[in-house]
1. Calculate how steeply helix 221-230 sits against the longest principal axis of the alpha-carbon atoms of the chain, using the helix alpha-carbon long axis, and give the answer as 0 to 90 degrees to the nearest 10.
2. Under 5 Å between amide hydrogens, which residues at least 5 positions from Leu27 or on another chain qualify, with H placed 1.01 Å from N in the peptide plane?
3. Relative to the longest principal Cα axis of the chain, at what angle does helix 40-60 sit, 0 to 90 degrees, rounded to 10?
4. Hey, which lysines would be in cross-link range of Lys60, C-alpha to C-alpha under 20 Å, not counting anything within fewer than 8 residues on its own chain?
5. Amide H neighbours of Phe67 under 5 Å, at least 5 residues apart or on other chains, H built in the peptide plane: list them.
6. Any idea what % of Cα-Cα pairs in the stretch 189-230 are farther than 14 Å?
7. If I model a spin label as a point 7 Å beyond the Cα along the Cα-Cβ vector, how far apart are those points for Phe67 and Lys226 in nm?
8. For the chain, restrict the atom set to alpha-carbon positions and state the Rg and Dmax in Å.
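Nothing in this text is a laboratory measurement; each read-out follows from the coordinates by a stated rule. Because the structure is predicted, anything quoted here is derived from the model rather than measured. Cβ placement follows ideal geometry from the backbone for every residue including glycine, while neighbour counts extend to all protein chains displayed.
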Amino acid sequence: MQKVKIGFDLGGTNMGCALVSQEGNILYENETETLANESANNILNRIKFLINNSLDNAKKNNYQVEFIGIGCPGLLDTKKGIIKFSPNIPNFKDFYISKLIEDEFNIKVKIDNDVRVAAIGEFLFGAGKGYSNIICITIGTGIGGGIILNSKLQRGPTESIGEIGHMTLKEDGPLCGCGNYGCLESLASSTAIIREIDNAIKENKSEILKSLVEKGEKKGSHMLVKAIEKR
Ligand SMILES: [Zn+2]
């Protein structure tokens, strides 16, 4: 029986779950919307649903799932398996996610910051393969950073090394999910880009963006690329 692991990406907008081989190949994946404004219980049920689908697929293919790893946004206590505070999923406050998933499936669960696990992934299997010092920057609902020095993931005393999204760049900038104003994330994440697209259309600043939205294009950085190409 082939031993596999479940890798789970819990994002502020979407969540995804994959069966992964020892070599880092994805054998099966499924995803759904996070709908982060809903109750913690509803979000947890969606997480369980995706894991269940993956376990069904594992059973069908005779894979043995030996571990579930969850990449979570925000500040965590990775030893206790708690999401302490997550600006993009505010209802997961002091949330014992590891224990809840472990109790449901009876499989060992470990959580870590989503960007840190992305950094480890790139370091082992992706763009950072073969290097010993890398910085991995992720731009999505928020902006995060993971740092590997001398082949070792850096955490820092409060497990917040690499949280570049919350550097203040503009003191009178927009309110950020963390409560401060003008963080990098509040200015340049995909959430911020969508807000700026909406503002530009509302204030009649861009005919091109307006027509792209009317055509049903998905708002985000890809839309900006298209708008620039059309100029
Ligand atoms: Zn912030």
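1. Approximately 40 degrees, to the nearest ten.
2. The list, which skips near neighbours in sequence, is Leu19, Val20, Ser21.
3. 50 degrees
4. Filter leaves Lys3, Lys5, Lys48.
5. Ile6
6. Working: 327 of 861 pairs.
Roughly 38 percent, once rounded to a whole number.
7. 4.1 nm
8. Looking at the chain, its Cα Rg and Dmax stand at 19.1, 60 Å.
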